Amino acid sequence: MSVYPDDRAIQALKRYDQAEVYVSETVVRTVYIDGSRISNVETKVDSGMMFRMTDGGRTGKSSVSLNSEGAVQDCLDMAESVLSRSPEAKSLNGYAIPASPRIPAPDVWDRRVEDASAEDLRELARQVIDNCRVDIPRAQIRVSCTESRTVNGNGVDVGHRSTLVYGHFTSMARLEHPGEGMETYHGTGLDLDPVAIAESLSRKAEAAAGCREYKGSEKLSMILPPSELGDMLLSAVGSAVNGENRKYGRSRWAGSLGEKVASDSLTVVDDPSVRAPLSCVYDDEGTPAERKPVIEGGVLKGFLNDTFCGGSTGNGMRRSSVEPQGAYDRTPTIKPLNLVVKPGSMPLDRIIENTDSGILVEKFAWPEADELTGRFGLNVRCGYVVRKGEVVGTVNNALLMGNMLDAVANIEMIGNDPVQTGVVTTPTMSFSGTELVGN
């Protein structure tokens with residue numbers, strides 16, 4: 001790998017009880033769509049470093065963009081200045097120590113992304129536009145290549161390189177009234193299918209345009225496809241197993257290790273060995289990553305930690321599954337690398353057939369539960385009402401309320417259609433105990 005810390009930063013590691021330097025370089029190419037037209041294609045190069053240290057109970061850190069001759073020394077000086085003004089802490093955990101890898105290197109580098117030209121991105125955008133039956137108000141396709149290196153005073157010296165492809169697309173149909181659609185793509189390879197994306201954008205917007213406002217209120221089952229469920233699980237379950245939330249008593253599952261927290265049918269692992277945007281051999285602190293059981297048969301098996309919490313599980317990350325730039329500017333935080341829900345055996349049509357009263361959510365305004373409590377009250381932009389195993393109507397402007405941490409304990413059915421999006425791989429799932437409220 002070509003990215004490596006400057007000698008001045010390497011020498012500075014020796015001056016402190018604990019010290020670490022992290023450098024990254026990212027090349028990003030983005031094509032933008034505005035009003036169903038390609039508006040711009042741009043290329044950016046982003047490189048920088050963070051230096052952080054502990055000494056005598058004090059901590060310091062600083063980050064800079066490496067765009068000038070004096071940037072490295074500026075970073076070291078600023079970190080020293082922060083250290084000198086930092087209050088003393090009673091105890092501080094050390095940084096990562098050298099260790100052998102625990103998994104084979106995942107396939108997270110796609111040469112097609114590295115070689116993608118501006119015209120290649122234009123062609124992908126053209127195919128989305130040409131195959132979409134409705135308007136595309138705004139969209140972007142972003143590809144990037146990132147190389148990084150972590151070196152610390154304990155002897156850690158590990159590198160990582162990966163590619164990231166992110167697509168975000170919106171659509172608008174104007175039939176009886178406007179209807180919105182949205183599609184996203186997160187991955188490490190140039191595998192997004194522009195024709196399939198265009199078809200989905202068209203179908204979702206047309207379905208939303210045909211929605212009727214929901215009236216009344218009722219208790220029913222919630223059926224979530226991977227596109228909506230992934231973020232719901234990440235915000236609720238991902239936060240509940242976050243070691244920092246456990247450390248400070250913010251996790252509802254803080255004292256539940258080894259106890260049942262979910263349905264018997266739910267098994268979740270954090271698996272960085274497969275193709276996913278944050279999969280890696282070592283995390284961004286230099287701790288080996290590995291496949292970790294999180295929930296097994298409904299029983300909580302483990303929490304995710306970084307070095308700040310101690311007992312790091314290799315989940316201290318600076319990189320993002322969405323935004324490739326600025327990794328060097330982020331202090332490591334705990335992130336799942338790839339939460340994988342064990343799929344079931346039911347196709348979506350069978351789930352619908354076995355639902356007495358429910359709603360299949362095509363699109364929330366924003367699919368997210370409260371990170372600490374798990375509660376949610378989300379606007380349904382497009383949902384299919386299910387009665388006695390059949391879809392009987394399409395509704396919008398309804399509030400779906402519940403609690404995601406309760407929902408995983410009340411799973412009715414799990415689909416056989418897992419989809420990897422960002423740092424979550426999940427199939428369609430059905431949950432009881434939610435309430436739909438209209439105007």
Members of the range 181-222 found to be of a type outside the set (Phe, Trp, Tyr), under 21 Å from the mean Cα position of the chain (by Cα) and closer than 30 Å to Pro272 by Cα, listed by number = Met182, Glu183, Thr184, His186, Gly187, Thr188, Gly189, Leu190, Asp191, Leu192, Asp193, Ile197
Those helices (runs of 4 or more DSSP H) lying entirely in the range 173-286 with at least 2 residues out of contact with any helix residue (DSSP H, G or I) (no Cβ under 6 Å at 6 or more places or on another chain) and farther than 28 Å from Arg381 by Cβ = 243-247
request  = Considering only the range 253-289, state which residues are under 18 Å from Ala105 (Cβ atoms), of a type in the set (A, V, I, L, M) and surrounded by fewer than 20 Cβ atoms within 10 Å (Cβ to Cβ).
outcome  = Val274
task = Might you check whether a residue that is modelled with pLDDT under 95 and outside any strand (DSSP E or B) occurs anywhere in the range 378-395?
result = no
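Yes or no, residue by residue, for (1) more than 26 Å from the chain's Cα centre (by Cα); (2) more than 16 Å from Val28 (Cα to Cα):
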site: Ile141; (1), (2): no, no
site: Val156; (1), (2): yes, yes
site: Thr170; (1), (2): no, yes
site: Ala173; (1), (2): yes, yes
ask   = Out of Lys292, Lys335, Lys363, which single residue is touching a Lys or Arg at 6+ places or on another chain (Cβ under 9 Å), free of Cβ contacts under 8 Å to residues at least 60 places away in the same chain and among the charged types (D, E, K, R)?
value = Lys292
remark   = Among (1) closer than 21 Å to Gly286 by Cβ; (2) assigned to a helix (DSSP H, G or I); (3) in contact with a Lys or Arg (Cβ under 9 Å, 6 or more places away or on another chain), Thr59 falls short only on (2)
ask   = Does the range 112-122 contain any residue that is of a type in the set (Gly, Ala, Ser), assigned to a helix (DSSP H, G or I) and either over 26 Å from the mean Cα position of the chain (by Cα) or surrounded by 12 or more Cβ atoms within 10 Å (Cβ to Cβ) (or both)?
value = yes
ask   = If the Cβ limit is 7 Å and pairs must be 6+ apart or interchain, which residue in the range 34-53 that is in a strand (DSSP E or B) pairs with which residue that is modelled with pLDDT of 95 or more and among the aromatic types (Phe, Trp, Tyr)?
value = Ser39/Tyr32; Asn40/Tyr32; Gly48/Tyr328; Met49/Tyr22; Met49/Tyr328; Met50/Tyr22; Met50/Tyr328; Met53/Tyr16
key: Unmet criterion (only one of (1) buried (at least 17 other Cβ atoms within 10 Å of the Cβ); (2) closer than 29 Å to Ser279 by Cβ; (3) in contact (Cβ under 8 Å) with a residue 60 or more places away in the chain; (4) not β-branched (Val, Ile, Thr)) for Leu66   = (3)
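The values are calculated or read from the model by the stated rules, or taken from the named source; none is laboratory data. The model shown is predicted, which means the values in this text are computed figures rather than measured ones. So basically every Cβ, Gly included, is an ideal-geometry build from the backbone, and we count neighbours across all protein chains shown.
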